[in-house]
Amino acid sequence: MLTRARTARFGSHYVDQQAEGADRVIARQVAARGVVMLDGLTSRQAVLDFTQRIMTLMPHPDSDPDGLTTIQNIGLASRQPGLAGLGSGELNAHTERSSVPRPPRLMLLVCLRPAASGGEVLLTDGRAALEDLAATVPAAIEAMSLRGTAFYGDGGGHPSRILTPHGGGRISIRFRQDELGQFSPLVSRFLPALRKAIAANENAFALQPGQGYVIDNERYLHARAAFLGPRLCVRALGTPSFPLHNGFSLGSVATENRAGATSGPQGACGNSGPGAASAEGWEVR
């Protein structure tokens, strides 16, 4: 069961993955909102079975033979570039696998054992953050959409940009804040404002055993609070087994004619039907 809390802002994103028709509801909700909250995934096999319902797994350098990645504290080895997620310290908001040319579209994370203290999941809707940024520093949107203004990865990385425009007024975000992300002076001056917008739209919540989330990796940034104790999660990355259009709509911010927008139709929307839940149940902080 989900832990009830007085404030449950993310509760409206919960879908009962065991309900009839849940896969269709999950597909619609990922397309419309970019995030789905789940429970009832109390074993690694249950996570794998659910993963195979909604995505085709993509390999990761740290994944196990079954395709899932065990997320736990590996000690001093986590101080290597790009391995902070396998430590116990704070993990800044980022796009998963931003250092590869084509990051996975979906990310699933499930808690099998919570930390003794800390370890809250931190999620930011990139759409909300960018709409705030556009309202306060509109020049940042155009600058961050310029090709070659970001470089992600080590020596084998690649030039990129924080925002990729698509057709139909859609845009995607790709961002990281560690040593594997470098930025042109054209966008560096806007990074404090971007970080402020991300922090202002960040939601923190504690996962209990069997709870997890799916995010659209082109829209949501994820992070983690520092923790103590033997926290254990499993992660799946992959390509959705349902249609999912590039990026997300960004309201009043015009992007399709900037910086070489790529074509792409608009996505579906909606969140009704079997499996959808009310705004109760998630412990949000």
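The values are calculated or read from the model by the stated rules, or taken from the named source; none is laboratory data. Predicted model only: the values in this text are computed from it and were never measured. Backbone-built Cβ (ideal geometry, glycine too); neighbour counts: all protein chains shown. These accessible areas exclude ligands, DNA and RNA; they are computed on the full protein's heavy atoms, side chains included. Shrake-Rupley method; radii C 1.70, N 1.55, O 1.52, S 1.80 Å.
Structure notes:
- Residue count for region 62-113, restricted to those that are open to solvent by 60 Å² or more (accessible area, probe 1.4 Å), polar (S, T, N, Q) and touching a Cys at 6+ places or on another chain (Cβ under 9 Å): 1
- Of all residues making up region 69-86, the number that are under 26 Å from Ala197 (Cα atoms) and part of a loop (DSSP other than H, G, I, E, B): 3
- Entry remark, region 36-54: residues being within 11 Å of Asp16 (Cβ to Cβ) and open to solvent by 30 Å² or more (accessible area, probe 1.4 Å) number 1 in total.
- Close contacts from region 229-248, counting a first residue that is on the phi > 0 side of the Ramachandran plot and free of Cβ contacts under 8 Å to residues at least 60 places away in the same chain and a second that is surrounded by 17 or more Cβ atoms within 10 Å (Cβ to Cβ) and β-branched (Val, Ile, Thr), with Cβ to Cβ under 7 Å and a gap of 6+ residues or different chains, come to none at all.
- Residue check for Ala129: over 24 Å from Arg79 (Cα atoms), open to solvent by less than 20 Å² (accessible area, probe 1.4 Å) and over 21 Å from the mean Cα position of the chain (by Cα): no
- Filter result (under 20 Å from Gly210 (Cβ atoms) and more than 19 Å from the chain's Cα centre (by Cα)) within region 24-40: Gly40
- Annotation note: Cβ proximity below 6 Å between a residue of region 176-193 that is more than 16 Å from Gly126 (Cβ to Cβ) and a residue that is hydroxyl-bearing (Ser, Thr, Tyr) (sequence gap 6+ or interchain) occurs for Leu180/Ser99; Ser184/Thr149; Leu186/Thr149.
- Test: residue in region 226-242 that is of a type in the set (Lys, Arg), open to solvent by 10 Å² or more (accessible area, probe 1.4 Å) and either in contact with an Asp or Glu (Cβ under 8 Å, 6 or more places away or on another chain) or modelled with pLDDT under 95 (or both): no
- Out of Leu57, Leu76, sole residue that is in contact with a helix residue (DSSP H, G or I) (Cβ under 8 Å, 6 or more places away or on another chain), under 30 Å from Asp154 (Cα atoms) and of a type outside the set (Gly, Ala, Ser): Leu57
- Of the residues making up region 50-68, those that are over 20 Å from Leu207 (Cα atoms) and part of a helix (DSSP H, G or I) are Gln52, Arg53, Ile54.
- Residue check, Arg97 under 23 Å from Asn201 (Cα atoms) and assigned to a loop (DSSP other than H, G, I, E, B): yes
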